[in-house]
Amino acid sequence: MSNDAMQRDNEEMTRVGPGTVMGKLMRQYWLPALQSNELEAGGAPVRLLLLGEKLIAYRSPNGSVGVMDHRCSHRNASLFYGRNEEGGMRCVYHGWKFDATGQCIDVPNIPNGDAFRQKVKNTAYATFEKHGIVWVFMGDQSQIPATPRIEVMEAGEGEIELEFAMRESNYLQCLEGDIDTSHLAFLHVGNVEPEQLEASDPMKYVVANRRPELEVSDAPWGTTYCAFKDADGGGKYLRFANFMFPFWTQAPQGEFDTNLFSRAWVPLDDTHTMSVTITWKRRPPTFRPMKSGEELPGVAPLELLPNTTDWLGRYRTVQNLANDYLIDREAQRTNRIYTGIANIGMQDQAMTDSMGEITDRSREHLSPSDIMIARTRRRLLRAARALATDGTPPPGVNDPFVYQLARSGEMLVDKVDSWQEVYEARLKEAVRIAG
């Protein structure tokens, strides 16, 4: 492929603003945008940057949520400074008021303004709430799709844990880090040896053989991979992971039977991404302690800075590009932590953010270990172009239940004739919470 073609592909895959190829695809889906507790009934609006659009989100005094363009349709003054009143948001500049659909419902500075206000409408988007998340649909408001049916979202009330964290890079390179199976053996546990782990810990197969065999296939929800490694007694250790349209991942770490979690890489704009991790509380811990009783090196809690009212002020990590992720060179030099960076998520973030805000993929040299990444790029780009050229709906829009067949995780099996058959058989035996 020529450099020009690669640059064109990269532009189309990574740009998400209005009118872009990938932006149009993203706007076919419901997006997890905020945590419900960010919005207080009758309280101050929140600046919300989403797919390159500057919006405000607010909870009206009656508890309903509104999301709209932050600019008043009168003179473009920001509604962030507006009054959150019963029935809508009122601009403090001239008193114009808009309901949750964006319709102007009051123009108090115009004599007999009823006929005039009916012609004025601000851009506003549909919302719904579930499990403490405010979801937003930014596509055609006359064709709102069914709500997403990702299996972990079918859990009962109070059974979900949420984690939001902002990254300073494009959504796609963040997403690709979650479906890159071979980096685990280096970035996260590069200094761990099999004899340091309990005999029952499947991580011993990761560190005993850091060169996984890998097979990939398209799936109704996106793409799936299976990584193979030899296990004790002639068996196989398998790791499954998924990409789900438009930006969801299911990483392979965790017991397949109970590994109910999904992660969204929500584009705030072209160069900033919100990681939204949704986990079933009854899912066993992802990483086990070592024989010594100590946690794996680098396993530390995520620390966040206090939210501010800036466009990029939500869920910023304490460890970030500005402070080199608080890398401890002594811990790295002495092999106490392979990277020298505490927190596994921050190890990933340091790598993806260090690639640049939008990485130059023409400089890459993809290898056989990257086939999931290559297949996912192709699948995503083809779907976005098909939508742009002939209106073909992308996966999951018309049939949101396809996501309920997606499961990631690790398992030990005696033999593998077909990894797809192993996957399907094990899924039937796994814990299911699908509604």
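The values are calculated or read from the model by the stated rules, or taken from the named source; none is laboratory data. These numbers come from a predicted model, not from an experiment. As a convention, Cβ positions derive from the backbone with ideal geometry for all residues, glycine included, and neighbour counts pool all protein chains shown. Calculation scope for accessible area: heavy atoms of the full protein, side chains included, ligands and nucleic acids excluded. Shrake-Rupley method; radii C 1.70, N 1.55, O 1.52, S 1.80 Å.
Restricting to region 381-435, name every residue that is in a strand (DSSP E or B) and on the phi > 0 side of the Ramachandran plot.
Keep residues of region 381-435 that are in a strand (DSSP E or B), which gives 409-413.
Within region 381-435, Gly409 is the sole residue that qualifies.
Do you know which of the residues in region 379-407 that are without any contact (Cβ under 8 Å) to a residue 40 or more places away in the chain and β-branched (Val, Ile, Thr) is most open to solvent (accessible area, probe 1.4 Å)?
Thr389
Condition test on Ala331, is it over 22 Å from the mean Cα position of the chain (by Cα) and either open to solvent by less than 50 Å² (accessible area, probe 1.4 Å) or of a type in the set (Ser, Thr, Tyr) (or both)? Steps first, please.
On the way: over 22 Å from the mean Cα position of the chain (by Cα): yes; either open to solvent by less than 50 Å² (accessible area, probe 1.4 Å) or of a type in the set (Ser, Thr, Tyr) (or both): yes.
In short, yes.
Among Ser73, Ser2, which is of a type in the set (Gly, Ala, Ser), free of Cβ contacts under 8 Å to residues at least 24 places away in the same chain and more than 19 Å from Met274 (Cα to Cα)? Quick ask: steps written out before the conclusion?
Details: Ser73 fails: free of Cβ contacts under 8 Å to residues at least 24 places away in the same chain.
Matching residue, one of Ser73, Ser2: Ser2.
Counting only residues that are more than 20 Å from Ile144 (Cα to Cα), give me the strands (runs of 3 or more DSSP E) lying completely in region 12-120 with at least 3 of them.
Details: elements: 30-35, 46-50, 53-59, 65-69, 83-85, 88-90, 104-106.
The qualifying strands (runs of 3 or more DSSP E) are 46-50, 53-59, 83-85, 88-90, 104-106.
Is it the case that Lys54 is among the basic types (Lys, Arg), within 20 Å of His272 (Cβ to Cβ) and open to solvent by 60 Å² or more (accessible area, probe 1.4 Å)?
Working: among the basic types (Lys, Arg): yes; within 20 Å of His272 (Cβ to Cβ): yes; open to solvent by 60 Å² or more (accessible area, probe 1.4 Å): yes.
Against the criterion (among the basic types (Lys, Arg), within 20 Å of His272 (Cβ to Cβ) and open to solvent by 60 Å² or more (accessible area, probe 1.4 Å)), Lys54 qualifies.
For region 322-361, give me each residue that is farther than 26 Å from Val192 by Cα and in a helix (DSSP H, G or I).
Residues satisfying the conditions are Ala322, Asn323, Arg361.
Just checking, how many residues over region 180-192 are assigned to a helix (DSSP H, G or I), touching a helix residue (DSSP H, G or I) at 6+ places or on another chain (Cβ under 8 Å) and open to solvent by 20 Å² or more (accessible area, probe 1.4 Å)? Walk me through how you get there before you give the answer.
Let us first name the residues in region 180-192 that are assigned to a helix (DSSP H, G or I), namely 184-188.
Now narrow it down to the ones that are touching a helix residue (DSSP H, G or I) at 6+ places or on another chain (Cβ under 8 Å): 184-185, 187-188.
Among the residues that remain, those that are also open to solvent by 20 Å² or more (accessible area, probe 1.4 Å) are: 187.
So the answer is 1.
Pairs, please: C-beta under 8 Å, at least 6 apart or cross-chain, first residue hydroxyl-bearing (Ser, Thr, Tyr) and in region 92-120, second surrounded by fewer than 12 Cβ atoms within 10 Å (Cβ to Cβ) and not in a strand (DSSP E or B)?
Tyr93/Arg75
Restricting to region 408-425, give me the number of residues that are under 26 Å from the mean Cα position of the chain (by Cα) and open to solvent by less than 70 Å² (accessible area, probe 1.4 Å).
Taking region 408-425 as the starting set, the residues that turn out to be under 26 Å from the mean Cα position of the chain (by Cα) are 408-411, 420, 423-424.
Filter once more, keeping what is open to solvent by less than 70 Å² (accessible area, probe 1.4 Å): 408-411, 423.
So the answer is 5.
So, Gly177, is that one open to solvent by 30 Å² or more (accessible area, probe 1.4 Å) and closer than 29 Å to Ile433 by Cβ or not?
Values: open to solvent by 30 Å² or more (accessible area, probe 1.4 Å): no; closer than 29 Å to Ile433 by Cβ: yes.
It is false that Gly177 is open to solvent by 30 Å² or more (accessible area, probe 1.4 Å) and closer than 29 Å to Ile433 by Cβ.
Has region 67-77 got any residue that is under 30 Å from Asn170 (Cβ atoms), out of contact with any strand residue (DSSP E or B) (no Cβ under 9 Å at 6 or more places or on another chain) and not acidic (Asp, Glu)?
First, the residues of region 67-77 that are under 30 Å from Asn170 (Cβ atoms): 67-71, 76.
Going one step further and asking which of them are out of contact with any strand residue (DSSP E or B) (no Cβ under 9 Å at 6 or more places or on another chain), we end up with 76.
Add one more test, that the residue is not acidic (Asp, Glu), and what stays is 76.
Yes: region 67-77 contains one or more residues that are under 30 Å from Asn170 (Cβ atoms), out of contact with any strand residue (DSSP E or B) (no Cβ under 9 Å at 6 or more places or on another chain) and not acidic (Asp, Glu).
Would a scan of region 278-300 turn up a residue that is among the aliphatic types (A, V, I, L, M), surrounded by 16 or more Cβ atoms within 10 Å (Cβ to Cβ) and more than 26 Å from Val192 (Cα to Cα)?
Just the residues of region 278-300 that are among the aliphatic types (A, V, I, L, M), to begin with: 278, 290, 296, 299-300.
With the extra rule that they be surrounded by 16 or more Cβ atoms within 10 Å (Cβ to Cβ), the set shrinks to 278, 290, 296, 299.
Checking the rest, the ones that are also more than 26 Å from Val192 (Cα to Cα) come to 278.
Scanning region 278-300 turns up at least one residue that is among the aliphatic types (A, V, I, L, M), surrounded by 16 or more Cβ atoms within 10 Å (Cβ to Cβ) and more than 26 Å from Val192 (Cα to Cα).
Report, by residue number, each residue of region 121-161 that is in contact with a helix residue (DSSP H, G or I) (Cβ under 6 Å, 6 or more places away or on another chain) and in a loop (DSSP other than H, G, I, E, B).
Gly132, Ala146, Pro148, Arg149, Ile150
Going by what's in this entry, would Gly132 be described as surrounded by fewer than 18 Cβ atoms within 10 Å (Cβ to Cβ), touching a residue at least 12 places away in the same chain (Cβ under 8 Å) and more than 25 Å from Pro148 (Cα to Cα)? Can you show your working first?
Numbers: surrounded by fewer than 18 Cβ atoms within 10 Å (Cβ to Cβ): yes; touching a residue at least 12 places away in the same chain (Cβ under 8 Å): yes; more than 25 Å from Pro148 (Cα to Cα): no.
It is false that Gly132 is surrounded by fewer than 18 Cβ atoms within 10 Å (Cβ to Cβ), touching a residue at least 12 places away in the same chain (Cβ under 8 Å) and more than 25 Å from Pro148 (Cα to Cα).
Is one or more of the residues making up region 189-212 in contact with a Ser or Thr (Cβ under 7 Å, 6 or more places away or on another chain) and under 23 Å from Arg316 (Cα atoms)?
For region 189-212, residues in contact with a Ser or Thr (Cβ under 7 Å, 6 or more places away or on another chain) and under 23 Å from Arg316 (Cα atoms): absent.
Any chance region 366-378 includes a residue that's open to solvent by less than 60 Å² (accessible area, probe 1.4 Å), closer than 23 Å to Tyr29 by Cα and among the polar types (S, T, N, Q)?
Yes, there is a match, as at least one residue in region 366-378 is open to solvent by less than 60 Å² (accessible area, probe 1.4 Å), closer than 23 Å to Tyr29 by Cα and among the polar types (S, T, N, Q).
Is it the case, given these coordinates, that Phe261 is modelled with pLDDT of 95 or more, crowded, with 19+ Cβ neighbours inside 10 Å and in contact with a Gly (Cβ under 8 Å, 6 or more places away or on another chain)?
On the way: modelled with pLDDT of 95 or more: no; crowded, with 19+ Cβ neighbours inside 10 Å: yes; in contact with a Gly (Cβ under 8 Å, 6 or more places away or on another chain): yes.
Judged against the criteria, Phe261 is not a match.
Condition check ((1) open to solvent by 20 Å² or more (accessible area, probe 1.4 Å); (2) in a strand (DSSP E or B); (3) of a type outside the set (A, V, I, L, M); (4) at pLDDT below 95) across all residues:
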{"site": "Ala199", "(1), (2), (3), (4)": "yes, no, no, yes"}
{"site": "Val206", "(1), (2), (3), (4)": "no, no, no, yes"}
{"site": "Arg210", "(1), (2), (3), (4)": "yes, no, yes, yes"}
{"site": "Val216", "(1), (2), (3), (4)": "yes, yes, no, no"}
{"site": "Cys226", "(1), (2), (3), (4)": "no, yes, yes, no"}
